[in-house]
Structure formats: structure tokens, C-alpha cells
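Peer 1: I am attaching a structure below and will ask some questions about it afterwards.
Quick note: the coordinates plus some simple rules give every number you see, no bench work behind them. What you are looking at is a predicted structure, and each value in this text was computed from that prediction instead of being measured. Note: ideal-geometry Cβ built from the backbone for every residue, glycine included; neighbour counts use all protein chains shown.
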């Protein structure tokens, strides 16, 4: 695990934008596609704005990117809470991605369970039953220690076979669709973007506390490649000092 510490969120987002861009450039020197899992929420908005602007927009060969999402709220694409909608607004509408290479988790006219099954079939077309999956998974972490839609004390944390699943999250009164640990942990690189004092306790527990994945699900993300990166700011690391 590598910890990338920056003073505040703006500097952190700039550093992560450079790191992602360099990773894409390097990877595309030896292969003809780059598979990337995006994250939703508020944390990556500045990052996405940076990637959609000079100089990163010009450095990235968007035609070779294949875009996925880590999780989705089962709300219509037009709903402001929809992760894919936010990502289109902040990033994908502003760069020359290939429409057919952008794979959202469908939420319109489909049940959450059918959406999860459909998404899993897409992943099966991209990746073998064994070996590496995504070139990069970008994750966030909530102040409760969740990542993706792996929330504390939910059975999905312990999923071992399915790559994608859907379930009803009672506290939020909504269905969630999510990638699971088995497919994410086969990614070549996983990067967490985490900042703010409200994340400090969870970050301390995830990185330094005893293993308790039911309480802090982010602990279960441990890529087999060993390429786990945490991009954090000083406020989030207060509990580590």
C-alpha cells in the first residue's frame, strides 16, 4: 500500500489527475485499451473537471478508454443522485470518449437485479475467469468506512463469487448496484481518493486498526497485485499521527 499525502483537496486532486494520466499513458504504450472504473459522490468532482481540461484532456487517448462504474444508486439517470449522470456532467460530456466503450449500470426500465446481471455479462466479455481485470479502479470512502456500495454490516461485503450484485440498503431506502471485492481485487491498480476531517477516524481504522471488514468495508479492498494507493489530505490523516 502506498500513501500519497497532500496538504488540501485541491492539491490532492491535481496530484491524482497527474498520476492517473501518467498511468494511462504508460499502460497504452504496451496495450491497445485502458479499462477504468470510475467512482461517484462529491469527492471526485474536481478531479473529473481537471481531467476534462488542459493539459490532461489532450494527453489522454480517450478513444482507447473503456469506462465502467464501481457502483450505482438505483435511481433514474436523470436523478441528481445518479453516479453516472454526475460523471457525464463533470467529465465524459467534455472528452472524446467512444460511446460504445462507456458502460453505465442501467437504472431505467430495468430491475436492480437484472441490471447487476447485465453488467456482470459485460465484464465477462472483457475479462477472463482468472487473472487481472481493470487497469484502474478509482474508489472513494465514506466517513463510515464504506467503499463502492459495500456498506457496514451488509452481506455483500463477503460475496466471493458474483462480480456484480444488487441489494436493498434499508437505511437509505433504496437499491444499490455494486461491483464486489472479488473482481475489484483483481484490478492492476486500485486508488482511493479520500479527504476531509470527517474521514479521519475511518481512515485510521481502515489503515491502522484491527481487521474488521464488517465495520470498515474498505479494508476488504486488497488487490492481489499489491498496487493499492491512497490519495489523502492532511485533514483525513489526523488520526494516523
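Peer 1: Considering Cα pairs under 8 angstrom that are at least six residues apart, work out the relative contact order of the range 126-231 and quote it in whole percent.
Peer 2: On the way: 188 pairs, mean separation 37.2, N = 106.
Across the range 126-231, relative contact order equals 35 percent.
Peer 1: Now a separate question. Would you calculate, for the chain, the mean residue ellipticity at 222 nm contributed by helices, counting each DSSP H stretch of 4 or more residues as -39,500 (n - 2.57) and dividing by all residues, to the nearest 500?
Peer 2: Numbers: 7 runs with 66 residues, N = 241.
Helix-only estimate at 222 nm: -8000 deg cm²/dmol.
Peer 1: Using a Gaussian network for the chain with springs between C-alpha atoms less than 10 Å apart, which of these wobbles most: 184, 75, 164?
Peer 2: Of 184, 75, 164, the Gaussian network model singles out 75 as fluctuating most.
Peer 1: Kindly list the residues of the range 134-174 that lie in the label zone of residue 15, defined by a backbone N under 18 Å from the point 7 Å along the Cα-to-C-beta vector.
Peer 2: Those under the cut-off are 138-141.
Peer 1: Could you please rank 63, 115, placing first whichever residue has the fewest other Cβ atoms within 10 Å of its Cβ? Walk me through the intermediate numbers first.
Peer 2: Values: 63 10, 115 22.
Final ranking by Cβ density, sparse to dense: 63, 115.
Peer 1: While we're looking at this one, here's another question. Considering the chain as a Gaussian network with a 10 Å cut-off on Cα pairs, which listed residue, 230, 163, 19, attains the greatest mean-square fluctuation?
Peer 2: 19
Peer 1: Further question: Hey, if you drop one equal point scatterer on each alpha-carbon of the range 148-229 and run the Debye formula without solvent, what base-10 log of I(q)/I(0) do you get at q = 0.20, 0.22 Å⁻¹?
Peer 2: -1.01, -1.18
Peer 1: Now for a separate question. Tell me the relative contact order for the chain as a rounded percent, counting alpha carbon contacts under 8 Å between residues six or more apart. Intermediate results must be reported in sequence, preceding the final value.
Peer 2: Working: 464 pairs, mean separation 58.1, N = 241.
Relative contact order for the chain comes out at 24 percent.
Peer 1: Can you tell me which of 79-90, 137-148 comes out highest on packing, and rank the rest after it, using the mean Cβ neighbours within 10 Å?
Peer 2: Values: 79-90: 17.6, 137-148: 23.0.
Per-residue mean Cβ counts within 10 Å order the peptides as 137-148, 79-90.
Peer 1: By DSSP, what percent of the beta bridges with both residues in the range 89-191 are antiparallel, rounded to the nearest 5?
Peer 2: Working: 7 of 9 bridges.
Of those bridges, close to 80 percent are antiparallel.
Peer 1: Under the rule a/c < 1.5 gives rounded, and otherwise a/b versus b/c splits prolate from oblate, where does the range 1-97 land using the Cα gyration tensor?
Peer 2: It is oblate, given that a/c is not under 1.5 and a/b is not larger than b/c.
Peer 1: Which of the three applies to the chain, rounded, prolate or oblate, going by the alpha-carbon gyration tensor with a ≥ b ≥ c and a/c under 1.5 meaning rounded?
Peer 2: Judged from the Cα gyration tensor, the chain comes out rounded (a/c under 1.5).
Peer 1: Which percent, nearest 5, of DSSP beta bridges in the chain are antiparallel? Mind dumping the intermediate values first?
Peer 2: Details: 10 of 32 bridges.
Antiparallel: roughly 30 percent of the beta bridges in the chain.
Peer 1: Using a Gaussian network model on the chain with a 10 Å cutoff between Cα atoms, which of 227, 25, 210 fluctuates the most?
Peer 2: In the Gaussian network model the winner is 210.
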